[in-house]
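Written out below as structure tokens is the structure these notes cover.
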Amino acid sequence: MQEVYEDREAAIARISKIVDNLIKGNSLYQERLDKQEIIQHLIGLLDKFSPDFINAISDNELANRVDSILVIEAVSETLNDLTPEQIEMFDAAVKRR
């Protein structure tokens, strides 16, 4: 039981460090995301996987996966700031693709 707890804590530490580095290196993330909220969100996702699974992923791959989540979170925050007219324009642009 103690080993599972330690593995989980190690996974959380890895994810926290990756989030910190990604946010420091991206002004959009700095502007749009709350680091602690993101870490808590990712910990919630972590609970759906075994710590062994997370710890088996390379740092590079884990950083890529976390970065993808941060992109989605940052864009969704940006969309929340749009006026109804801007949302209509955005929807129209997406439909054209």
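Just to check your reading of the model, which residue among Glu61, Glu85 is under 23 Å from Ser27 (Cα atoms) and either in a helix (DSSP H, G or I) or not hydroxyl-bearing (Ser, Thr, Tyr) (or both)?
Among Glu61, Glu85, only Glu61 is under 23 Å from Ser27 (Cα atoms) and either in a helix (DSSP H, G or I) or not hydroxyl-bearing (Ser, Thr, Tyr) (or both).
Checking Asn21 against (1) more than 16 Å from Ile69 (Cα to Cα); (2) at pLDDT 95 or above, which single condition isn't satisfied?
(1) is the only condition that Asn21 fails.
Inside the range 70-89, can you point out the residues that are exposed (fewer than 11 other Cβ atoms within 10 Å of the Cβ) and hydroxyl-bearing (Ser, Thr, Tyr)?
Of everything in the range 70-89, those that are exposed (fewer than 11 other Cβ atoms within 10 Å of the Cβ) and hydroxyl-bearing (Ser, Thr, Tyr) turn out to be Ser76, Thr83.
Before we move on, is Asp52 modelled with pLDDT of 90 or more and either acidic (Asp, Glu) or farther than 22 Å from Glu73 by Cβ (or both)?
Taking the combined requirement at face value, the residue does not satisfy it.
Identify the residue in the range 1-47 that is over 14 Å from the mean Cα position of the chain (by Cα) and surrounded by 13 or more Cβ atoms within 10 Å (Cβ to Cβ) and, among all such residues, is farthest from Ala74 (Cα to Cα).
Asp7
List pairs: first residue in the range 67-85 and under 25 Å from Ile18 (Cβ atoms), second residue of a type in the set (S, T, N, Q) and part of a helix (DSSP H, G or I) anywhere in the structure, Cβ distance under 8 angstrom, at least six positions apart or on different chains.
none
For the list (1) charged (D, E, K, R); (2) at pLDDT below 90; (3) under 26 Å from Asp81 (Cβ atoms); (4) out of contact with any Asp or Glu (no Cβ under 9 Å at 6 or more places or on another chain), I need the number of the one condition that Arg32 fails.
All conditions pass for Arg32, except number (4).
Yes or no: the range 60-69 includes at least one residue that is at pLDDT 90 or above, among the small types (Gly, Ala, Ser), surrounded by fewer than 15 Cβ atoms within 10 Å (Cβ to Cβ) and farther than 29 Å from Glu3 by Cβ.
yes
Give the residue that is nearest to the chain's Cα centre (by Cα), with candidates limited to residues of the range 48-58 that are of a type outside the set (D, E, K, R) and in a helix (DSSP H, G or I).
Of everything passing the filter in the range 48-58, Ile54 is nearest to the chain's Cα centre (by Cα).
The values are calculated or read from the model by the stated rules, or taken from the named source; none is laboratory data. Bear in mind the structure is a predicted one, so any value in this text is a computation, not a measurement. FYI the Cβ positions are ideal-geometry reconstructions off the backbone, even for glycines, and counts take in every protein chain you see.
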